[in-house]
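A.B. asks: Please find one structure pasted underneath; my questions will follow.
The values are calculated or read from the model by the stated rules, or taken from the named source; none is laboratory data. Bear in mind the structure is a predicted one, so any value in this text is a computation, not a measurement. Reconstructed Cβ throughout: ideal geometry from the backbone, glycine too, with neighbour counts over all protein chains shown. These area figures cover heavy atoms from the full protein model, side chains too; ligands, DNA and RNA do not enter into them. Shrake-Rupley method; radii C 1.70, N 1.55, O 1.52, S 1.80 Å.
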Amino acid sequence: MEIQEFFDIINREHRIDAVSEAHQLMHRLSQEALQITCELNGAYHTPEEVRTLMMKLTGREIDEGFGLFPPFYTDCGKNIRIGKRVFINSGCRFQDQGGVTIGDDTLIGHNVVLATINHDLDPRKRRDNIFAPIIIGKSVWIGANATVLPGVTIGAGAVVAAGAVVTKDVPENTVVGGVPARILKEIAGY
């Protein structure tokens with residue numbers, strides 16, 4: 001199975017069986033991601049070297065304005081899309097098989113978790129994976145230790161407060177916080 005076929009299955013069916021060929025490919029991609037993130041996190045790298053390693057991890061071109069402070073963790077890497085001038089602070093964990101899209105000028109704080117995979121509630125199917133993408137708009141700020149769950153879209157200009165658990169879509173130009181996150185206030189758009 002090729003990578004594109006794997007992502008086609010995820011996008012079409014939003015689920016893979018725990019004993020499928022797609023699940024086996026998911027584990028192979030995880031091993032590659034572990035190798036690259038080990039290199040990224042194991043020693044000092046210049047900003048240019050960090051960008052090069054992230055391009056290797058994602059398999060995509062990344063803007064010269066990109067910034068990342070390691071360590072950074074992901075269990076796939078190949079389904080992350082990063083806009084221009086994005087900054088990711090240290091300790092972030094992306095579970096990106098379901099797709100993570102990050103808009104231009106977005107800031108992601110320390111230890112943020114972006115999780116695009118869930119499991120079935122039925123114990124007989126618990127090892128199956130259920131996928132839903134996370135889409136982060138332009139000029140979003142996600143505070144330290146926030147968690148964004150599968151299927152969430154965060155609108156442009158929004159702020160996610162530190163420690164929030166985002167379980168549903170966030171409207172543009174709002175501040176959300178809490179567990180689960182709720183709208184705290186609206187802010188002026190750009």
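A.B. asks: Under 8 Å between Cβ atoms, at least 6 apart or on separate chains: pull out the pairs that start in the range 59-83 with a residue that is modelled with pLDDT under 95 and end on any residue that is open to solvent by 50 Å² or more (accessible area, probe 1.4 Å).
C.D. replies: Asp75/Leu34; Asp75/Gln95
A.B. asks: From the residues in the range 41-65 that are hydrophobic (A, V, I, L, M, F, W, C) and touching a strand residue (DSSP E or B) at 6+ places or on another chain (Cβ under 6 Å), which one is farthest from Cys92 (Cα to Cα)?
C.D. replies: The extreme case among them is Ile62.
Here is a yes/no grid of residues against (1) under 28 Å from Ile3 (Cβ atoms); (2) at pLDDT 95 or above:
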| position | (1), (2) |
| --- | --- |
| Gln95 | yes, yes |
| Ile108 | yes, yes |
| Arg127 | yes, no |
| Ile135 | yes, yes |
| Gly177 | no, yes |
| Leu184 | no, yes |
| Gly189 | no, no |
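A.B. asks: Looking only at strands (runs of 3 or more DSSP E) that lie completely in the range 86-190, which have at least 2 residues being closer than 28 Å to Thr37 by Cβ, open to solvent by 50 Å² or more (accessible area, probe 1.4 Å) and touching a strand residue (DSSP E or B) at 6+ places or on another chain (Cβ under 9 Å)?
C.D. replies: 92-95, 117-119
A.B. asks: So which of Ile154, Ile130 ends up being among the aliphatic types (A, V, I, L, M) and free of Cβ contacts under 8 Å to residues at least 60 places away in the same chain?
C.D. replies: Ile154
A.B. asks: Pick from Thr46, Thr58, Thr37: which is more than 17 Å from the chain's Cα centre (by Cα) and among the hydroxyl-bearing types (Ser, Thr, Tyr)?
C.D. replies: Thr46
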